[in-house]
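Notes follow once the structure below has been shown.
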Amino acid sequence: MYKLIAIDLDGTLLNSYGQVSEKNKKVLNNAIENGVEIVLASGRSSNSVKNIANDLENAKYIICGNGSLIYDLQKEEIIYDKFIEKKKALQIIQICEQNSIYYNVYTENMVIAKTLENNVLFYHQENANKPDSKKTKINLVENIYEYVSNLENENILKFTISDKSSIIFNSIIRKLREIKNIDVLDVAHMSRKIIKSGTEEVSLEYYYTEITSENVDKWNAIIWLAKNLNINENEIMAIGDNINDKLMIENAGLGVAMGNSAPYIKEIADKVVSNNNDDGVAEAVEMSL
């Protein structure tokens, strides 16, 4: 039996509408009852991940911002962090503004954006079906540079950069890679999500990347947590679907890819399960108990 199971959210535990199925909840709560540490490991802000973790009984830890921080749910405190310095964040914002590309700033408690587009539009739609206490906080501001300049007591986890045009997107990525002491996630495919507009389903498709402080990764955070819990690498299972899950899937004792994963993620996984709309997480966890 694996002692720690790290699970990605979007495209993995969450279905295409941003929800955790009842079967996934039941199986994960059963694993926790059996002494397994279930750790949600996401690129989302800590506030958003906490809200999802509340559906699990007695979950103890969450990893947010792709490994920018680890939060102890029971003690209600950060126990590990690698934030982006404000000076570096402002440099990233300037480049995005000068090149008119869509971007968001993720802090511990919110997503800062100018408009509801791409991933932020998906979060907004997801919020419509949640009570206020469980919504992802979206803060729409006209001047993000000025807002972040005046931001106090709010740590920056990451940036998301996105565009529907691959030409524009690849151009900005080259410029961002020139900034020192940050990591720009190498994403090779479009993100595809579904939102509802009235009775119709609308597909959101866009190229995107994520920017974090240097050497930030879900796997680095998982290993730090595992060592503090006296858990060995071969006692860890990692479940994911995308490039930001690559290292944890490669290095865990059992790396599991979702059926909806990118092909290169499936190739490195030890096991491929059903997709995120067919309870692939429950399938993976059940076989480990």
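The values are calculated or read from the model by the stated rules, or taken from the named source; none is laboratory data. Bear in mind the structure is a predicted one, so any value in this text is a computation, not a measurement. Cβ: placed from backbone, ideal geometry, glycine included. Neighbour counts: every protein chain shown.
Some points to look at:
- Strands (runs of 3 or more DSSP E) fully within region 169-226 that include at least 1 residues being modelled with pLDDT under 85 and either surrounded by fewer than 20 Cβ atoms within 10 Å (Cβ to Cβ) or at negative phi (or both): 191-197, 200-213.
- The residue pairs whose first member lies in region 30-44 and is basic (Lys, Arg), whose second member is part of a helix (DSSP H, G or I), and whose beta carbons are closer than 9 Å, counting only pairs six or more residues apart or on different chains, are Arg44/Ile52; Arg44/Tyr123.
- The listed residue being at pLDDT 95 or above, surrounded by 20 or more Cβ atoms within 10 Å (Cβ to Cβ) and either within 19 Å of Lys130 (Cβ to Cβ) or of a type in the set (Asp, Glu) (or both), out of Glu22, Glu37: Glu37
- In the set Val202, Val285, Val256, Val281, only one residue is more than 20 Å from the chain's Cα centre (by Cα) and farther than 20 Å from Tyr80 by Cβ; that residue is Val202.
- One residue stands out in region 70-127 among those that are under 24 Å from Asp10 (Cα atoms) and basic (Lys, Arg): the one that is surrounded by the fewest Cβ atoms within 10 Å (Cβ to Cβ), namely Lys114.
- Only one of the listed residues (Ala269, Ala238, Ala221) is closer than 21 Å to Gln19 by Cα, outside the structural domain of Glu117 (by TED's automatic domain parsing) and not β-branched (Val, Ile, Thr). That residue is Ala238.
- Against the list (1) under 18 Å from the mean Cα position of the chain (by Cα); (2) polar (S, T, N, Q); (3) over 19 Å from Leu69 (Cα atoms), the condition Asn251 fails is (1).
- Boolean, Ser213 is more than 26 Å from Gln125 (Cβ to Cβ) and in contact with a Phe, Trp or Tyr (Cβ under 9 Å, 6 or more places away or on another chain): yes
- Exactly one residue out of Ser165, Ser191, Ser133, Ser203 is out of contact with any Pro (no Cβ under 7 Å at 6 or more places or on another chain) and closer than 21 Å to Gln98 by Cβ, and it is Ser165.
- Any hit, region 7-18, residues being hydroxyl-bearing (Ser, Thr, Tyr) and either without any contact (Cβ under 8 Å) to a residue 24 or more places away in the chain or part of a helix (DSSP H, G or I) (or both): no
- For Glu250, the conditions (1) over 21 Å from Arg44 (Cα atoms); (2) in the same structural domain as Asn181 (by TED's automatic domain parsing) are fulfilled apart from (2).
- The residues of region 242-289 that are surrounded by fewer than 19 Cβ atoms within 10 Å (Cβ to Cβ) and among the acidic types (Asp, Glu), listed by number, are Glu250, Glu267, Asp270, Asp278, Glu286.
- Near pairs, Cβ below 6 angstrom, 6+ apart or cross-chain, from region 103-131 (without any contact (Cβ under 8 Å) to a residue 60 or more places away in the chain) to any residue that is among the basic types (Lys, Arg): Asn127/Lys135
- Filter result for Ser171 (farther than 14 Å from Cys96 by Cβ and not aromatic (Phe, Trp, Tyr)): no
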